[in-house]
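Structure first, commentary second.
The values are calculated or read from the model by the stated rules, or taken from the named source; none is laboratory data. Please read these numbers as outputs of a predicted model, since none were measured by experiment. Reconstructed Cβ throughout: ideal geometry from the backbone, glycine too, with neighbour counts over all protein chains shown. Side chains are part of the model used for accessible areas, which takes the heavy atoms of the whole protein and leaves out ligands, DNA and RNA. Shrake-Rupley method; radii C 1.70, N 1.55, O 1.52, S 1.80 Å.
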Amino acid sequence: MLDFFTIFSKGGLVLWCFQGVSDSCTGPVNALIRSVLLQERGGNNSFTHEALTLKYKLDNQFELVFVVGFQKILTLTYVDKLIDDVHRLFRDKYRTEIQQQSALSLLNGTFDFQNDFLRLLREAEESSKIRAPTTMKKFEDSEKAKKPVRSMIETRGEKPKEKAKNSKKKGAKKEGSDGPLATSKAVPAEKSGLPVGPENGVELSKEELIRRKREEFIQKHGRGMEKSNKSTKSDAPKEKGKKAPRVWELGGCANKEVLDYSTPTTNGSPEAALSEDINLIRGTGPGGQLQDLDCSSSDDEGAAQNSTKPSATKGTLGGMFGMLKGLVGSKSLSREDMESVLDKMRDHLIAKNVAADIAVQLCESVANKLEGKVMGTFSTVTSTVKQALQESLVQILQPQRRVDMLRDIMDAQRRQRPYVVTFCGVNGVGKSTNLAKISFWLLENGFSVLIAACDTFRAGAVEQLRTHTRRLSALHPPEKHGGRTMVQLFEKGYGKDAAGIAMEAIAFARNQGFDVVLVDTAGRMQDNAPLMTALAKLITVNTPDLVLFVGEALVGNEAVDQLVKFNRALADHSVAQTPRLIDGIVLTKFDTIDDKVGAAISMTYITSKPIVFVGTGQTYCDLRSLNAKAVVAALMKA
């Protein structure tokens, strides 16, 4: 039974609606529009919202959307056929009203489609019920009946013929694969005293011939090989006395007290001054303003200038034929027209580091968007598909929710509480380094920062954050801020509970009046269940305002696996009724990938969350905000 069936234009005008139940269809349809149609995720024609499954079909020629909704626990096999039949009949019946393409004509039009829809629904339901009865297979039709009874009788101690043949074949293969240097044990000795050969009237089989030749080869060359092996063993150098291990300064005292350089007494006291060059630490550029990401390079500009020069020397006749080549006129696009272009686009996206599954879904979404669309006179299939793909990619990189940290921090200041940010991710992606960059950006904007060292597992994690705190304190000393400590490290050493340290750090920040708490967590692989449980506990207990996933731009298909499993683990291991998932992404090592920027597309497509920061270097100023158009331009560059 269907819950609803609705037909509306892409402009948002509902032309006709069927309600099978009393519940309104507004909520599910609006969720479909927000999450799928506006976000360019039309690769799959099915969408799940709460207890409903929605299936939809796009008519790109007349800009219509057909949506049917039913309970997801039901398996309705006739839904796809029903959508196709309704689409065909509605388009043919009201073609003149729809072709006017004006909102006023659609509002004034009367679409009396109830009786036709009920007839199509009955036909679809009856066609699904009418199935040929499955007849039971008779014994005469089986393969067993064709065999004689004698072939199926097996006597004890004898193998079936088929198995014996197979074993012979396997034995022949094994013997054929053995090299000529096989041991003499593998060669069976012939018990008969007579020599075997064609001269004695005995024909040799293929297997026996191979055995005989191998035996002769071993008799000739085997002794020499054994002697050479013995000589090589005797020439081997004798073991010398073991070298005494070097004794290092702290080599004999590898205990927790010596290795733990962090002391809890440093909490509440400012760090010592730094005797390094501040300009080298800081980097160049305005620290308080995030610049847009620039994916262009000087090589690209030079190539563009060189490409424009030879175009002027081309003949006008060749240029005219090249321009007219591939024009399709005023015709509607079909799947066959776009297939070759979409295949090239998919391979291009995969080469640019987009995950393979996501590249397929993107191309499928573009195909659904363009199928049936009427093209202009001077438009090629390639240019149309490329433009549609660019628009889809830009829309994907601009998801529904935009994270504005500065605005949220000022809102938390008015409530007199610290703004808490938690960083999570796999090992080695640069969580601590980019946490320090974000700290510097916040300091440049006049906010005080408390860094919570909750990575109590990796050796040197606390010392790394202490070094960053010392450098940031040198860049923003208390003297410049009226004696107020702008950045401080909160740590409790190693081997402690990370959730407890984060809770103490938030309480400390509230008492001392810090504006922002940045929580650094240990790197963990997405398959490590105990560590994922600990991360879910930290997030559930402390309820941070922002959970940032730190991922590197070098990954391809692995980005999908990491994000999906991180979100799933946070949902599974959370005790809260509505689990807290990832809110945004920090993309690191972006300066190492040239134009292979596909990881940005993969991460945003999977989570529907924005890329908040992009790391582009080693200094504190190497932090950028994502420029969607620049990323898409680099992605589409040949």
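Rounding to the nearest 20 debye, state how big the charge dipole of the stretch 478-606 is about its Cα centre with +1 on each Lys and Arg Cβ and -1 on each Asp and Glu Cβ.
Numbers: 12 positive and 16 negative charges, 80 e Å.
Rounded to the nearest 20 debye, it is 380 debye.
Could you list, in their original order, any pairs among Lys55/Lys137; Lys81/Lys565; Lys55/Lys596; Lys81/Lys373; Lys537/Lys589; Lys369/Lys596 whose Cα atoms are separated by more than 31 Å?
Lys55/Lys137; Lys81/Lys565; Lys55/Lys596
How far is it, in nm, from the label point at Leu118 to the one at Leu89 when both lie 7 Å from their Cα along the line to the Cβ?
Rounded to a tenth, the inter-label distance reads 1.2 nm.
Note down the accessible area of Glu123, probe 1.4 Å, to the nearest 10 Å².
80
Rounded to a whole number, what is D in µm²/s for the stretch 1-107 from Stokes-Einstein with the Kirkwood radius over alpha-carbon pairs (25 °C, 0.890 mPa s)?
Reported coefficient: 172 µm²/s.
What part of the accessible area of the stretch 436-532, given as a whole %, is carbon or sulfur when the probe is 1.4 angstrom?
Ligands and nucleic acids excluded, carbon and sulfur give 53 percent.
Which trypsin sites (Lys or Arg not before Pro) does the stretch 403-450 hold that lie in a coil by DSSP with at most 11 other beta carbons within 10 Å? Present the calculation step by step, with values, prior to reporting the outcome.
Numbers: sites: Arg407, Arg414, Arg415, Lys431, Lys437; in loops: Arg415.
For trypsin sites (Lys or Arg not before Pro) across the stretch 403-450 that sit outside H, G, I, E and B with at most 11 neighbouring Cβ atoms in 10 Å, the list reads Arg415.
Once the Cβ-Cβ distance between Ala31 and Gln618 is put in as r, and R0 is 56 Å, what FRET efficiency do you end up with, to the nearest 0.05?
0.85
Within the stretch 405-627, what percent of beta bridges assigned by DSSP are antiparallel, to the nearest 5?
Close to 5 percent.
With Kirkwood's inverse mean 1/r over C-alpha pairs for Rh, give me the Rg to Rh ratio of the stretch 332-397, two decimals please. Intermediate values should be presented prior to the final figure.
Values: Rg = 11.5 Å, Rh = 12.0 Å.
Dividing the radius of gyration by the Kirkwood radius yields 0.96.
Treat each spin label as a single point 7 Å out from the Cα along the C-beta direction, and report the Leu209 to Glu50 distance in nm.
For the pair Leu209/Glu50, the computed spacing is 8.0 nm.
At q = 0.14, 0.16, 0.26, 0.33 Å⁻¹, what base-10 log of I(q)/I(0) does the Debye formula yield for the stretch 540-586 when every alpha carbon is treated as an equal point scatterer in vacuo?
-0.37, -0.47, -1.01, -1.29
Report the gain in length on full extension from Asp497 to Asp347: 0.36 nm times residue separation, minus Cα-Cα distance, nm rounded to one decimal.
Full extension of this stretch gives 49.4 nm more.
Order these peptides, 456-469, 611-624, 86-99, by their mean beta-carbon neighbour count within 10 angstrom, highest first. Each step should come with its number before you reach the end.
On the way: 456-469: 18.2, 611-624: 20.9, 86-99: 15.5.
Descending mean neighbour count gives 611-624, 456-469, 86-99.
Assuming 1.306 mPa s and 10 °C, estimate D for the stretch 405-627 with Stokes-Einstein, Rh taken as the Kirkwood radius over Cα pairs, in µm²/s.
So the translational diffusion coefficient is about 90 µm²/s.
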